[in-house]
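Trainee: Below is a structure I'd like to ask you about.
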Amino acid sequence: MNARIRENEDNQKEAEQQYINAVTLTPLHVPSLVALGRLQIELNKPILAEHYLVEATHLKPDEYEAWHYLGQLHQLQGCHQKAADCFLTALRFESSAPVRPYSVLKWKL
């Protein structure tokens, strides 16, 4: 949460450190990995961006945002076929994703 606030304040370096702290505390938290990967793209750190985004796709293969940002990264690097593959994967997963995460729904048995 603090990292998003720092991003909104255009304090990218502080946001990066907040995301790194979050990933250090909970290394399997996919939303933090995706956010950190996206921010690394913005900070022009493609190797780190790819590391975090690939890790997110390994932990949660249907995480369409990670695939989308991987596509953006490959496009920036001139790897157009890889980018297209990532974008298509993102589109496939996004089209089958629920509008709201299942975790926010109340279940009655």
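Trainee: Give me D for the stretch 24-82 in µm² s⁻¹, whole number, from Stokes-Einstein with Rh from the Kirkwood sum over alpha-carbon pairs, 10 °C and 1.306 mPa s. Show your work: numbers first, answer last.
Mentor: On the way: Rh = 11.1 Å.
Rounded, D is 143 µm²/s.
Trainee: Over the Cα atoms of the chain, what is the Rg over Rh ratio if Rh follows Kirkwood?
Mentor: That ratio equals 1.01.
Trainee: Quick one: Karplus J couplings for the stretch 49-65, per residue in order, coefficients 6.51, -1.76, 1.60, θ = phi - 60°, nearest Hz, x for Gly and Pro?
Mentor: Whole-Hz 3J(HN,Hα) from phi for the stretch 49-65: 4, 4, 4, 5, 6, 5, 4, 4, 6, 6, 6, 9, x, 9, 7, 5, 5.
Trainee: Would you calculate, for the chain, the mean residue ellipticity at 222 nm contributed by helices, counting each DSSP H stretch of 4 or more residues as -39,500 (n - 2.57) and dividing by all residues, to the nearest 500?
Mentor: -22500 deg cm²/dmol, from helical runs alone.
Trainee: Using a probe radius of 1.4 Å on heavy atoms only, what accessible surface per residue do you get for the chain? Whole Å² is fine.
Mentor: 69 Å²
Trainee: Sticking with this one: Given the C-alpha atoms of the stretch 1-49, compute the convex hull and give its volume per residue in Å³.
Mentor: Per-residue hull volume (Cα only) is 63 Å³.
Trainee: Percent of accessible area on the stretch 1-54 owned by carbon and sulfur, 1.4 Å probe? It would help to have the intermediate numbers written out before the result.
Mentor: Values: 1780 of 3260 Å².
In the stretch 1-54, the share of accessible area belonging to carbon and sulfur is 55 percent.
Trainee: When the expected Rg is taken as 2.2 N^0.38 Å, what fraction or multiple of it is the alpha-carbon Rg of the stretch 51-97?
Mentor: Dividing the Cα Rg of the stretch 51-97 by 2.2 N^0.38 Å gives 1.03.
The values are calculated or read from the model by the stated rules, or taken from the named source; none is laboratory data. All figures in this text were calculated on a predicted structure; none of them were measured in a lab. Quick note on the areas: whole protein, heavy atoms, side chains included, nothing else; ligands and nucleic acids left out. Shrake-Rupley method; radii C 1.70, N 1.55, O 1.52, S 1.80 Å.
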